[in-house]
1. Take the conditions away from chain B (no Cβ under 12 Å), more than 23 Å from A:Thr204 (Cα to Cα), of a type outside the set (Val, Ile, Thr) and buried (at least 17 other Cβ atoms within 10 Å of the Cβ) and apply them to A:Arg83. Does it pass?
2. Based on what the data block shows, is B:Val78 of a type outside the set (S, T, N, Q), closer than 23 Å to B:Thr37 by Cβ and not in a loop (DSSP other than H, G, I, E, B)?
3. Somewhere in the range B:523-536, is a residue at pLDDT 95 or above, within 10 Å of chain A (Cβ to nearest Cβ) and either in contact with a Cys (Cβ under 9 Å, 6 or more places away or on another chain) or outside any loop (DSSP other than H, G, I, E, B) (or both)?
4. Restricting the range B:28-58 to residues that are touching a helix residue (DSSP H, G or I) at 6+ places or on another chain (Cβ under 7 Å) and either more than 10 Å from chain A (Cβ to nearest Cβ) or of a type in the set (D, E, K, R) (or both), which is surrounded by the fewest Cβ atoms within 10 Å (Cβ to Cβ)?
5. Given (1) loosely packed, with under 13 Cβ neighbours inside 10 Å; (2) touching a residue at least 24 places away in the same chain (Cβ under 8 Å), identify the lone condition not met by A:Glu108.
6. Quick check on A:Met169: is it in contact (Cβ under 8 Å) with a residue 24 or more places away in the chain, crowded, with 19+ Cβ neighbours inside 10 Å and more than 9 Å from every other protein chain (Cβ to nearest Cβ)?
7. Would you point out which residue out of B:Val338, B:Val397 is crowded, with 19+ Cβ neighbours inside 10 Å and modelled with pLDDT of 95 or more?
8. For the range B:428-436, check the following and say yes or no: at least one residue is within 11 Å of chain A (Cβ to nearest Cβ) and either of a type in the set (Asp, Glu) or out of contact with any Cys (no Cβ under 6 Å at 6 or more places or on another chain) (or both).
Amino acid sequence: MSLKDKLSELRQRGLADIKQSSDLKDVNQVRVQLLGKKGPITEVLRGMRDLDAEERPKVGAFANEIRDDLTNALTQRKEELERAVLNAQLAKETVDVTLPGTPVAKGEPHVIQQIVDQIEDLFLGMGYQVLSGPEVEEDKYNFEMMNLPKNHPARDMQDTFYITKEILMRTQTSPMQARTLEKHDFSQGPLKMISPGVVYRRDTDDPTHSHQFHQVEGLVIDKHITMADLKGTLQVLAHELFGDKFDVRLRPSYFPFTEPSVEADITCFNCGGKGCKVCKNTGWIEVLGAGMVHPNVLKMAGVDPDVYGGFAFGVGPDRFAMLKYGVDDIRNFYLNDVRFLTQFTKKG
Amino acid sequence: MKISYNWIKEYLDLNVKPADLAEKIERTSVEVDSVTTPSDGLKKIVVGHVLSMVAHPDSDHLHICQVDVGEDDPLQIVCGAPNVAAGQNVIVALPGSRIADNVKIKKSKMRGVPSAGMICALQEIGFSEDVVPKKYVDGIYVLPADAKPGDAVYDYLGMNDSLIDLDVTPNRGDMLSLYGTLHDLAAIYDKPLKLDRPDVKETGTDIQDQLTVHVDDQLSSQYRMRLVKNVKLAPSPMWLQIRLWNAGLRPINNVVDITNYIMLKYGQPLHAFDYDKFAGEDVYVRTAKAGEKLTTLDENDHDLDETDIVIADEKAPIALAGVMGGLSTSIQDGTTTVAIESAVFEHDHIRKAAQRHNLHTDASQRFERGVNQAGVQEALDAAAQMMTELADGEVQVGTVVGSDNVPDPAVIDITLTHVNAILGTALTMDQVTHILESLGFTVAVSGDKLTVTVAVRRNDIHIPADLLEEIARIYGYDQLPATLPTGRMTMGTLTSKQRLMRATRHSLEGLGLNQAISYALTTEAKAQMFMMKASEPTHLAWPMTVDHAVLRMNVISGLLDDIAYNSARKVKDVALYEQGRVFYREDGNDRPSEEEHIAGAITGTLMPESWNQPAKAVDFYQMKGIVAAYLKDMAVNGDVTYVPNADMPEMHPGRTADILVHGHRIGFLGQIHPLVAKQFKIAATYVFELNLQAIIDMPKQENQYDVISRYPAITRDIAMLVDDDITNDQVVALIERRGGAFLQSVKLFDVYDGVKVPKGKKSLAYTLTYQDKHETLVDDAVTQAFDKVSKRLEDDLGAQIR
């Protein structure tokens, strides 16, 4: 048998062995058998000494070719087997993806905070500042400078927690109007502010009353502010908070610190304006009070009402939250039942 | 005030449905609480004529009546009312009818006797007990003799009218009357208004010879009386009773009803006195004297205050002016001579008197808001005229006038330019003039300027802004354009304080705590718990309850209340934080200062049990981790240290630490004292409270870039036995101080004080990481540094290196 034939046969047999190897250990064994120092190919090559000088390179090239073929086949087989092992391993590692994820601790912002933040962001975008004032106020700022002198009948509208005759828990965030107007330098530009915060009324807590609740006051004072600007601003606010399919209507009202004074209603959520129990069959729900700042308020704060004027509004985030989510008891906001707090998870 | 749609239509030619009218009123003048038609929901309620009546054989109070209801055969109805009698016309709810509260009436048997329907009291068909004439309160109502059996009762009782309940704001006293409302509606609908004017027929003698009034005109700017003799008291005619009860007033007798009717019509409260009960012929309007008493019409006794305005005769007060009359001079059976009072009382006195005596009457409500000062005489005349017509009274000649200060009408200048500049409109002079004139004001135009003379009845209009409101509302708010302010630009940005407060909330939410908002007003005891500095409590002068009487000086106690609320509802795992103010007050100051705080409280576990992990109860170190992570988020500049504090009475003495930043105490954290937990009825709870204002005010680290070393780090572990009282802080400080130039970090990885270490000792183990930023560290350098630090630990802290 010629060397060449021997080599051919070796290839034949080698490839068959490789194919038959069933695990990595087998493959390794086959490799050692075929290509090792004592293997048949080495042996064949050793026999090349006896060949003609002419034959030698041909056989040598052929032997190399066969060794490469076998090496490639071994590598391929090894990869196949490794992949099979890995696949078997992965199959064992399969998890039930429907099992719950490992819990992480996560807290939620209070629903009222969410509404306050939403209002703040809206007005920041329109160039307003956010200001906060003291919760314990002077009668002067809470009432007198808001055009509510002592003995004003409208003081009955808001029963007050007094601390002394002159010191009280603020009943509204409006005192920040007076405090800011006193300080504002109009030569530096118009005053555009909102003032969110906690306010207090002398009420007995029940599903619709809370002695503590929130208010966001808004104020814009400049040379050419109109009631139409107020209407437009309230529309933007209502659309931001409730969505733009809601209509806004203004109604005359009375606040000592604004004239004209209005209350703003929006389309009833519950019935979309058709009339239902929630809106007392009117199709409208009252959401805020507003008006053009009363000249007396400007005057008392040292602002010339013949030059400057503008609008103010006050909204109640508690009431907004109650309307928006159908919360039926205002006390829920202050009792902090975790099952209540964690219901309001939609941000943005 | 409930205003009658039918009554309005007598004066104004309106072609609108009551609901539309109400909507218009709401959009243009005042809020409307409701629109109701009393007959709504009622069915098959008719006039019945009681033909005969016999006593029920098996009852001592039931009667068997045969009632003609306009059908061929009378109905037999068993009735228990004490005042039912043969010959009466009564209200019958037929079988199959519906009465008040949607109750259905069926044929039935009463103690064995068939009864086909029910004879009704007014209350049973929806009348409020407050308006039912006294005579019929405890029995059935008797309809007029001319009522026709079988007719529906509604028209006889005014129940088909629509009643619009106005919620009148404090400035619109004028709307508390038919006439005031008509003036507004005339402007709204742009219709002419024709009001009737009284025509008094005077007879008898001059009132001046019979009555003199002495009035302090500071108390009563107008005080007028007329005298009507020989009145015959009787029930008022049905139309008058209907007007009253539909407005929520109880018909009493013709004289009293007339005064109430005039009040509803003109807005002017009147009072009718029994002239013959006066002591003498002089009447005084003055303040009450010390010790004076008055029994009012409602038979309540009042100790009068020296600022109460009273009407008095020679001897004693006979009325609490503007609020309620006195019982002694009231109109009663036998009254023949009536003194009618029409006056204006100073509103502030009335408001206080009504509050002081808890007597909020229809009269006081109107005087508080101000009546039409140009219509005092007219209302008086109208009442006198009606007393002639309805009670055969003889109106004596003249009016006695005690004070007569009718104010001048307000005259206001305004320009059309100003109107449009403020409202954002483009109204014409004609439009504006027309609106103002339709309200009954007179307008003189000169160029751009309008000079407006306001009707006296509109006591709420004094300045141009008041006129703007009138113009805007009558023009219609719906018609105003909607724009946004233009003009100079302004920046809308949060301040750094506001940003930090938002970041605080986001940080703590990210760390697993839910935001709570608790009450800032609490009990005196809770207000003073967990105090971070000495302060006087701030009390409300007149709290509603002791639960909310004092301003908090800590935030934690509110969170513990919240946890207790959850715990009582079987919610065991609660993790809350609150950002809010505490109120510190120095002795001698009335007003507290307000400090922003941030506090947290966790009970149970932050990480509830799951299928793949057990629940881990909150402990000191978890809370400390939260606080540390939060402070890291806030980037406070300076070392944060935790110092044991065994002295806070509300805290666990061994599990409480003060939190110091750069040596300044900014708060504390730890477990609440078990006795405090017991007091709140809650389980073990860990808390922290920080002075947020201090964190806001502290300098902050700026973010900066630090090159990450390309050279490998080398770590060495060290374990040691130390005495129990050696703290981690001491060990770490020493290692950091003595660790050499290449020490990057020290990390505690084990603490053990179990049975395998000697008593009084504990085992601590740390990983020390070394790195050189500029070249590869050689092992020898690390070994050298490590040996050095080991030695110092042995020498300085008595550590046994293991």
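The values are calculated or read from the model by the stated rules, or taken from the named source; none is laboratory data. No experiment lies behind these values; they were computed from the predicted model shown. A quick note on method: Cβ atoms are made from the backbone with ideal geometry, for glycine too, and the neighbour counts reach across all protein chains shown.
1. Values: away from chain B (no Cβ under 12 Å): yes; more than 23 Å from A:Thr204 (Cα to Cα): yes; of a type outside the set (Val, Ile, Thr): yes; buried (at least 17 other Cβ atoms within 10 Å of the Cβ): no.
No.
2. On the way: of a type outside the set (S, T, N, Q): yes; closer than 23 Å to B:Thr37 by Cβ: no; not in a loop (DSSP other than H, G, I, E, B): yes.
The answer is no for B:Val78.
3. No.
4. Initially, the range B:28-58 is screened for residues touching a helix residue (DSSP H, G or I) at 6+ places or on another chain (Cβ under 7 Å), giving B:28-30, B:32, B:35, B:41-42, B:45.
Narrowing further to those that are either more than 10 Å from chain A (Cβ to nearest Cβ) or of a type in the set (D, E, K, R) (or both): B:41-42, B:45.
On the way: B:Gly41: 14, B:Leu42: 20, B:Ile45: 27.
Going through the qualifying residues, I end up with B:Gly41.
5. Unmet condition: (1).
6. Working: in contact (Cβ under 8 Å) with a residue 24 or more places away in the chain: yes; crowded, with 19+ Cβ neighbours inside 10 Å: yes; more than 9 Å from every other protein chain (Cβ to nearest Cβ): no.
Against the criterion (in contact (Cβ under 8 Å) with a residue 24 or more places away in the chain, crowded, with 19+ Cβ neighbours inside 10 Å and more than 9 Å from every other protein chain (Cβ to nearest Cβ)), A:Met169 does not qualify.
7. On the way: B:Val397 fails: crowded, with 19+ Cβ neighbours inside 10 Å.
Step by step, each of B:Val338, B:Val397 is checked, and only B:Val338 is crowded, with 19+ Cβ neighbours inside 10 Å and modelled with pLDDT of 95 or more.
8. Filtering the range B:428-436 down to residues within 11 Å of chain A (Cβ to nearest Cβ) leaves none.
So far as the range B:428-436 goes, no, none of its residues is within 11 Å of chain A (Cβ to nearest Cβ) and either of a type in the set (Asp, Glu) or out of contact with any Cys (no Cβ under 6 Å at 6 or more places or on another chain) (or both).
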